[in-house]
Amino acid sequence: MDVTEAGAARDAAAVTAYLEASMVPDPETAARYMAPGIAIVFTGGRVFHHPREVTAFNAGRYAWVKKRMERLDVVPGEGVTTVYSLGTLYGAWPDGTAFEGNRYVDRFTVRDGLIVSMEVWNDSAERLLERQGASA
């Protein structure tokens, strides 16, 4: 394994550790994998700067939520690694109604084992619209 591959493996492991901690949820442990000044951009352009803000946002959107991580796509680069986590969300809406199969993609930029940016996309908004009768 060359230096680039070793760095990419380390960076992918940091993403996995972050995701596992964030699902507990344990935002303080999750923050250990993030660089200072991080921008976490959620669907809709919401920007957060610490995992505790994400936890608070999710507490308003879901009774609870977890990720079924189906795969990581790891793209080594010059000094950074881009890691995509793809899978589905499952959990319960605030009223307790269960859901599953809610697709997500998280894109991480990682440098030296620390996440320097994170972007999040998922189908939650579409699912919420369907629940309100606004399906296409």
Using a Förster distance of 30 angstrom, determine the FRET efficiency expected from the C-beta separation of Ala39 and Asp95, and round it to 0.05. 0.40
Under the span-like rule (Cα at least 18 Å along the axis, Kyte-Doolittle mean at least -0.5), DSSP H helices of the chain: 3-23
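Tell me, what is the percent relative contact order of segment 3-131, built from C-alpha pairs under 8 Å that lie six or more residues apart?
It rounds to 26 percent for segment 3-131.
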Would you kindly state how much longer the chain becomes between Leu86 and Arg52 on full extension, computed as 0.36 nm times their sequence separation minus their alpha carbon distance, in nm to one decimal? 10.0 nm
Segment 31-104 shape via C-alpha gyration tensor axes, a/c threshold 1.5: oblate
Sort the following peptides by mean Cβ neighbour count (other Cβ atoms within 10 Å, averaged over residues), highest first: 35-44, 16-25. 16-25, 35-44
Whole-Å semi-axes of segment 19-67's equivalent ellipsoid (Cα gyration tensor): 16, 15, 8
Correct choice for volume of the Cα convex hull per residue in Å³ that was computed from the model, options (1) 107; (2) 142; (3) 95: (1)
Determine the distance separating the Cα centre of segment 1-27 from the Cα centre of segment 75-118; give it in Å without decimals. 11 Å
Restricting attention to the alpha-carbon atoms of segment 68-136, what are Rg (one decimal) and Dmax (integer), both in Å? 15.4, 47
Cut-off 17 Å, label 7 Å out along Cα→Cβ of Val116, residues of segment 20-50 by amide N: 33-41
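Here, each number is a calculation from the coordinates, and none is a lab measurement. The shown structure was predicted, so the numbers you read here are calculated from the model rather than taken from an experiment. Here Cβ is always computed from backbone atoms with ideal geometry, including for glycine, and neighbour counts include all displayed protein chains.
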